[in-house]
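Let me begin by presenting the structure, written as structure tokens, before commenting on it.
The values are calculated or read from the model by the stated rules, or taken from the named source; none is laboratory data. This is a predicted model, so every value here is computed, not measured. For neighbour counting, all protein chains shown are included, and Cβ atoms are generated from backbone atoms with ideal geometry for every residue, glycine included. Accessible surface is based on the protein model in full, side chains and every heavy atom, while ligands, DNA and RNA are left aside. Shrake-Rupley method; radii C 1.70, N 1.55, O 1.52, S 1.80 Å.
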Amino acid sequence: DALAAASGALWAAYILAGRRARARVGATTWQCAVCASAALLLAPAAAARGVAAWGFSRRTQATLLLFVLVPQLIGHRGLDYIVKWLPASTVAALTLLEAPGATALAALLLGETPTRTAVLGGAIATAGVFVAL
């Protein structure tokens, strides 16, 4: 529970910081600053824990690259772009659609069958977002 609360607080801080930053700089500049900061913070932590950063097969490298590029370019880049024009609270509410959206994509593209709990949770989250907007 504490980790979830901390995650929510940090996500809110990120959205609010993005709102302020986007008033002064472009989405690309903001995105590059965020990614560089994350790399500078996470690389030493990964190295200290002995997490491998290389030596993967080409297929694994390509998959990891897609995992980085697709969510980053479509999701986070889109949020960084739109937060300049929409209130941070609206953007934050829209991010709640990530889990139901990922579940739907997994069902459509990977043949995953979501559990009843996942479907119910997705419906509640989606309804909540529409009420909030």
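Kirkwood radius and radius of gyration were both taken over the C-alpha atoms of the stretch 1-49, and their ratio Rg/Rh is 1.07. With a simple spin-label model that places each label point 7 Å from the Cα along the Cα-to-Cβ direction, the separation between Glu112 and Leu16 comes to 3.2 nm. Need one number: nm distance between label points at Ala2 and Cys32, each 7 Å from Cα along Cα→Cβ, rounded to one decimal. Here the answer is 3.9 nm between the modelled labels. Checking every one of the trypsin sites (Lys or Arg not before Pro) in the stretch 1-105 against DSSP loop status and a limit of 11 other Cβ atoms within 10 Å picks out Arg24. Backbone amide hydrogens, once placed in the peptide plane, bring Glu112 within less than 5 Å of Ala107, excluding anything fewer than 5 places away on its chain.
Keeping every protein chain present and rolling a 1.4 Å probe, give me the accessible area per residue for the chain in Å². Before the final figure, lay out each step's value.
Working: 9810 Å² over 133 residues.
Value returned for the chain: 74 Å² of accessible area per residue.
Under the Kirkwood approximation for Rh and a Cα-based Rg, what ratio Rg/Rh is obtained for the chain?
Details: Rg = 17.1 Å, Rh = 17.1 Å.
Rounded to two decimals, Rg/Rh equals 1.00.
When the chain is treated as a Gaussian network with alpha carbon springs shorter than 10 Å, the biggest mean-square fluctuation among Trp85, Trp11, Trp54 belongs to Trp54. Each peptide among 125-132, 60-67 gets the average number of other Cβ atoms lying within 10 Å of its residues, and from highest to lowest they stand as 125-132, 60-67. Solvent-accessible area of the stretch 1-111 (1.4 angstrom probe, protein heavy atoms only): carbon and sulfur portion equals 72 percent.
Stretch Tyr81-Ala46 to full length: gain in nm at 0.36 nm per residue minus the Cα-Cα span? It would help to have the intermediate numbers written out before the result.
Values: separation 35, 0.36 × 35 = 12.60 nm, distance 2.94 nm.
This chain segment gains 9.7 nm when fully extended.
Sequence-ordered 3J(HN,Hα) estimates for the stretch 108-123 from the Karplus curve with 6.51, -1.76 and 1.60 and θ = phi - 60° stand at 6, 8, 10, x, 6, 9, x, 6, 4, 5, 5, 5, 5, x, x, 5 Hz, glycine and proline given as x.
Over the chain, DSSP H runs of length four or greater, each weighted -39,500 (n - 2.57), average out per residue to a 222 nm ellipticity of -24500 deg cm²/dmol. Across all directions, the average flat footprint of the convex hull enclosing the Cα atoms of the stretch 57-133 is 6.1 nm².
With r defined as the distance between the Cβ atoms of Ala53 and Leu133 and R0 fixed at 41 Å, what FRET efficiency is calculated, to the nearest 0.05? Can you show the working numbers first?
Values: r = 40 Å, r/R0 = 0.98.
The formula returns an efficiency of 0.55 here.
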